[in-house]
Amino acid sequence: MIKLSIVIPTYNMGDYLERSLNYLSAQNNDFHDLFEVVVVDDGSSDDTGNVADKYAGNFQNFSYNFKPRDNTSCRAAARNLGISKCTGDHIMFMDSGVIVTPDFVQKQIAFCDAYPNDVLIHHVIGLFASPQHEAMGLLEQAGPSTLQQAIAELQKFPIWCDEREEIYELVNNDLTLLPAPWALSWTCALAAPRQKILQIEGFDESFIGWGGEDIDFGFRLHEAGCTFRTVGNSITTVHWPHAPLEPGAKPQTPKFHKKHQKLETGILSLLDGYHANHFMLRLESLVIKGMRTPVPVEIQNAIQNIQNDGNTHLIMGSSDVSMLLQLPKTSHIMLHRKSDTLNVQQLLSEVAVQHSLCIATQYGDSHFNSLILFDVVGYMPPALRDIILEEALRISERVFVVCCSEQKRAEKSRLEGVETSLFLGWRYWTNDELKDSFQKHGGFPEAVSRADNAVLYEIQKSA
């Protein structure tokens, strides 16, 4: 019975594939009948096929699959071919050049037995190290039996460490505490239940080129109900350093966000997985607390008057249901706290409620007659505030901002300790600072409406 299938897609990386197969063939003997190796050659012109033939006899279960190269060739398609050849309960994806200790399969199968429905994100060292790094000698002199000692020495060099370690330590390896654990799912070394992979239909082959297909894969596994886990250093893989295969290539996270249109995917289009999770943790736990105060009646009345013109009106950043019930012409709501989104969706089922920060939305130019942006902009770092405002001005004919009074904002800052934020630029901003930001996008006229604790402004579009 095959418990684990290891899929290795490769393209003109024969020497790196040989390293992977050499270390995999040295697995503890008692487990050779429990795993299979599936190599997918994505149209290589080097000696990849000969390498596969050389090592095929070292495994009880091994297949080599050649996929002719064409203009649709990509990592996603190669992995999907590998998936179709797998018979194991779990599938692990491994890049050419990833090497493992002799107890790797044993530990991986033990994890799969303990967590049969979960995704395992492996600890990977060496992914960002240079092949010219001074410590390469440690790796070159190692073999399967001494790899663990080499790993201990290599981890003394920061460039060799897995850059995700900081976020792992933040949550004590409990990825269920992260809002977007899938953002850490690099398929250079990742395992998931085969049935879940088949359920989501594998990788999206529209991701041609480097980056994006693995994050999209992880996101859809998460949406399908998979729990993501890591076991830290107890299961470590080494990514043998090599020169960039596609120098200058950028991850396709904007394409990924365009596909899914979620708050998390929007944040990931701006930040890497580590900082995106940090950001979303902060957003969920602190930012919205300052939005809990009731909106003054004067401001509500002004918004009602604005919404009398037209039929499509978006409110962003307020989960005050009592106020929203007084604004029956609201057609869309965007909220940045997931629990608030679910609550408002249940209470206002006739309104389109999204978990979103208004980043690269799917809406066309001037789709909305009005967009009311609540005081969330008073919390955001300037760069993100600019992105939100630019998109708001694009998708709506008129854009209004509800700002707390500076006294109220200062009180919240003291009460909630936001001034000690880990994020550069994440604090409560004064109205003068906000005014400077808004003026980048047009004008910041006199207030449309004022109340004791809030002001409603309209941002004029640039000519």
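Here are some notes:
- Here segment 294-364 and segment 1-61 have alpha carbon centers that stand 54 Å from each other.
- Here the Karplus curve 6.51 cos²θ - 1.76 cosθ + 1.60, taken at θ = phi - 60°, turns the phi angles of segment 134-144 into couplings of 4, 8, 4, x, 4, 6, 5, 8, 7, x, x Hz, with x standing for Gly and Pro.
- Once the C-beta distance of Q141 and D47 is scaled by a Förster radius of 35 Å, the resulting FRET efficiency is 0.90 to the nearest 0.05.
- Above-threshold pairs, the threshold being 32 Å between Cα atoms, out of K262/K329; K54/K250; K3/K67; K156/K258: K54/K250; K156/K258
- Looking at segment 4-256 alone, DSSP beta bridges between its own residues are antiparallel in about 30 percent of cases.
- Working note: Debye formula, equal point scatterers on the alpha-carbon atoms of the chain, no solvent; log10 I(q)/I(0) at q = 0.06, 0.07, 0.11 Å⁻¹ is -0.33, -0.45, -0.90.
- Amide H contacts of I91: S5, A192, R194, each under 5 Å away and 5 or more positions distant or on a separate chain (H built 1.01 Å from N in the peptide plane; Pro and chain starts excluded).
- Relative exposure of D365, D204, judged by other C-beta atoms within 10 Å (fewest first): D365, D204
- Angle between the chain longest axis and helix 104-114 axis [Cα atoms, degrees, rounded to 10]: 50
- Ranked by the mean number of other Cβ atoms within 10 Å of their residues, highest first, the peptides 24-34, 449-459 come out as 449-459, 24-34.
- Q362 versus Q195: modelled label distance in nm, points set 7 Å from Cα along the beta carbon direction: 3.0
- Long-range HN-HN contacts of V448 with modeled amide H, under 5 Å: L456, Y457, E458
- Karplus (6.51, -1.76, 1.60) ³J(HN,Hα), θ = phi - 60°, over segment 319-336, in Hz, Gly and Pro reported as x: 10, 6, 4, 4, 6, 4, 5, 8, 10, x, 8, 5, 9, 9, 9, 10, 10, 10
- Within the straight-line cut-off of under 17 Å between alpha carbons, the aspartates and glutamates reachable from K196 are D89, D113, D118, D204, E213, D214, D216, E223, sequence neighbours fewer than 8 places apart in one chain being disregarded.
- Residue-averaged 222 nm ellipticity for the chain, from DSSP H runs of 4+ at -39500 (n - 2.57), nearest 500: -10000 deg cm²/dmol
- Vicinal HN-Hα couplings computed from phi for segment 301-312 (Karplus, 6.51 cos²θ - 1.76 cosθ + 1.60; Hz; Gly/Pro x): 5, 5, 5, 4, 5, 4, 6, 5, 9, x, 10, 10
- Short-range pairs are left out: with C-alpha atoms under 8 Å and at least six residues apart, the relative contact order of segment 1-116 is 42 percent.
- For segment 113-272, the antiparallel share of DSSP beta bridges with both residues in that region comes to about 25%.
- Rounded to whole Å, the principal axis extents of the Cα atoms in segment 4-256 read 42, 42, 41, largest first.
- As a proxy for reagent exposure, H123, H133 were ordered by neighbouring Cβ count within 10 angstrom, fewest first; the result is H133, H123.
- Cα-based equivalent ellipsoid, segment 18-132: semi-axes from gyration tensor eigenvalues, Å: 23, 17, 17
- Segment 99-151 versus segment 160-175: alpha-carbon centroid distance in Å: 16
- Cβ-based exposure ranking for M136, M280, in which fewest neighbours within 10 Å come first: M136, M280
- Restriction of the trypsin sites (Lys or Arg not before Pro) in segment 145-223 to DSSP coil positions whose beta-carbon has at most 10 other beta-carbons within 10 angstrom yields K156.
- Within the chain, percent of DSSP bridges classed antiparallel, to nearest 5: 35
- Taking every alpha-carbon pair under 8 Å whose residues sit at least 6 apart, the chain reaches a relative contact order of 12 percent.
- Amide H contacts under 5 Å for F228, placed H, 5+ residues apart: V119
- With the simple spin-label model, which puts each label point 7 Å out from Cα in the Cβ direction, the E397 to E163 separation comes to 4.5 nm.
- Percent of C-alpha pairs per 5 Å bin in segment 213-268, short distances first: 4, 14, 17, 18, 18, 18, 11, 1.
Laboratory data are not the source of any read-out in this text; all were calculated from the coordinates shown. Being a predicted model, the structure only gives us computed values, none of them experimental. All Cβ positions, glycine included, derive from the backbone under ideal geometry; neighbour counts span all protein chains shown.
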